[in-house]
Structure formats: C-alpha cells, structure tokens
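What follows is one structure encoded as structure tokens, with my remarks underneath.
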Amino acid sequence: MTADSDAPDKEKGASSQAAARLPFYGRRQGHKLRPARQDLIDTYLPTIRVDPRGSLVDLFPDRLKELWFEVGFGGGEHLAQQARAHPDIGFIGCEPFKNGVASLLSALKSHDVRNVRVYDDDARHLFAMLPEASLDRFFVLFPDPWPKTRHHKRRFINPENLNHIARLLKDGGALRVASDHMDYVRWALFHVLSHPDFEWTARRPGDWRTPPADWIATRYEEKALAGDRPAYLCFRRRRRSLGDGA
Ligand SMILES: C[S@@+](CC[C@H](N)C(=O)[O-])C[C@H]1O[C@@H](n2cnc3c(N)ncnc32)[C@H](O)[C@@H]1O
C-alpha cells in the first residue's frame, strides 16, 4: 500500500496544522465503498472515533485492564480479533485508508465488539493526546517498507516516533514490529536497539522467525507468507529510572 510519489497527500487531514507538519504519503481510498460500508463510515465511525483534541478518559470511561495501540491496521483483522479475545482491554487503532477502516467497522459491528476506538488518520496525530506511560502494547505490523533510499525517512520506525512510543509505553510495555521486508527488519532492529529505552526480548537465534504465542495473522501477512518469511520483532520498554518523570 505504498504511493510512489514525493507529493504528500492533499486530502482532508492535510489542511490541519498537524497534518501539514506530518505529511502522510500512503493511500487514503481504494475502490468506491459499497453503500453498507459507506454507511458504517458515516454513522458508526463517529460513535467510536478518536478525537485528537479529546482525552483518554472520555474515550474509555469504563476502567480497563490495559490499553493497546495499533498503527496502520489495514483491514483490521489483527485488531478485531485481539479485541474479541480481550474484552477487558481497550484498543486504539489508526488507519487513514478508508476501505480498511470500513472493513474493521464491519467486523466490529458484526461481532458486537465494543472495546475498540478508531482514528481514521495518521497515528502520529494522537501522540500528543495520550499521557505518558498510558499504553501496554504498541503494534506496528507490516508497515509500508518504503524501499527506495530517498523514501527511508517516511518509515514509521524512526528515532522521532520511537521517542513518542517510549514516552507512551508503560515500563515493561511491549512494542511489536513485524515485516517481510528484510531491509526494513534490519532498519527496525538498528533503530530500536539504538534507542536507550528498548530491549529486544529474543532469547534464542531464530526467535524472531517465530510469531509470539498469541499472534494473529494479518491479511498482508498471509500474502507475505507466500514470499519471504516474515520477521516478528518483540521489544520491551525498559523500566524508567527515578527522575525520568513518569
Ligand atoms: C502494508 S499495510 C499493512 C496493513 C496491516 N498492518 C496488515 O498487516 O495487513 C501498512 C498500513 O499502514 C498504514 N499507515 C502508514 N502510515 C501510517 C500512519 N502514520 N498512521 C496510521 N497508519 C499508517 C497504511 O495506510 C497501510 O494501510
């Protein structure tokens, strides 16, 4: 789902200040949505949509055991299944691709899943609204690889986003990154392991080739399995030392 263009997206979000500062280069829409899917976007999405100017308390008024966050959920297979498997955990999923959002909404609606909130835009817009140490898990699954060197700066795993993720994760919180693009895997390992707040949880050689026990395959991953074997990178947020401010 990459767009091979240097021109940032010019649609709705791009008019806001945040979006102008953080250009999004991916696709926002594929084929025209069927009326039932469009109706989910028009009537259901507003009831569970995250307002970046709002607060976490308004988003999840009920007490939840944990809060998990997924960037770029694609068709939402992983998000919907994790949310069904963990009704006592709150989930925030972000995806600017409208057709993917509609797929997720359809799955949530048909299984009456109530613990998911959706942001139909760039995940980075939510970083400022989330308090320090508010997340238990952060998923970046099969991010756009941006293979050309001149596009590497668009990769989601980068020092700036890692600083945000480190601020948002609780001590011991998990960052999961999966990719079938080996250059991205090396890139992610280099950047995460260069960051002082993360450690890799792999114990044995080959650990990164085996998905964690509670792994749920995404649609992109199923396609990827026909080619290069994906890598599953699990990191832990290190404990904050006294004086870190959390
Ligand atoms: C290659 S697809 C993978 C989708 C899904 N995770 C899967 O495994 O099937 C990457 C997705 O990330 C989304 N994405 C890219 N940058 C994003 C951002 N800054 N915030 C939210 N989503 C983003 C894209 O729209 C795209 O749908």
Task: Identity of the residue in the range 153-185, open to solvent by less than 30 Å² (accessible area, probe 1.4 Å) and in a helix (DSSP H, G or I), that ends up farthest from the ligand (Cβ to nearest atom) - done: Ala166
Task: Members of the range 138-152 that are over 15 Å from Asp197 (Cβ atoms) and either of a type in the set (A, V, I, L, M, F, W, C) or within 15 Å of the ligand (Cβ to nearest atom) (or both) - done: Phe139, Val140, Leu141, Phe142, Pro143, Asp144, Pro145, Trp146, Pro147, His151, His152
Task: Hits in the range 217-243 (condition: of a type outside the set (Ser, Thr, Tyr), within 10 Å of the ligand (Cβ to nearest atom) and either under 17 Å from the mean Cα position of the chain (by Cα) or part of a helix (DSSP H, G or I) (or both)) - done: Ala217, Arg219, Glu221, Glu222, Lys223, Ala224
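The values are calculated or read from the model by the stated rules, or taken from the named source; none is laboratory data. Bear in mind the structure is a predicted one, so any value in this text is a computation, not a measurement. Don't worry about glycine lacking a Cβ; one is built from the backbone with ideal geometry, like all the others, and counts go over all protein chains shown. Please note that ligands, DNA and RNA were not included when accessible areas were found on the heavy atoms of the full protein model with its side chains. Shrake-Rupley method; radii C 1.70, N 1.55, O 1.52, S 1.80 Å.
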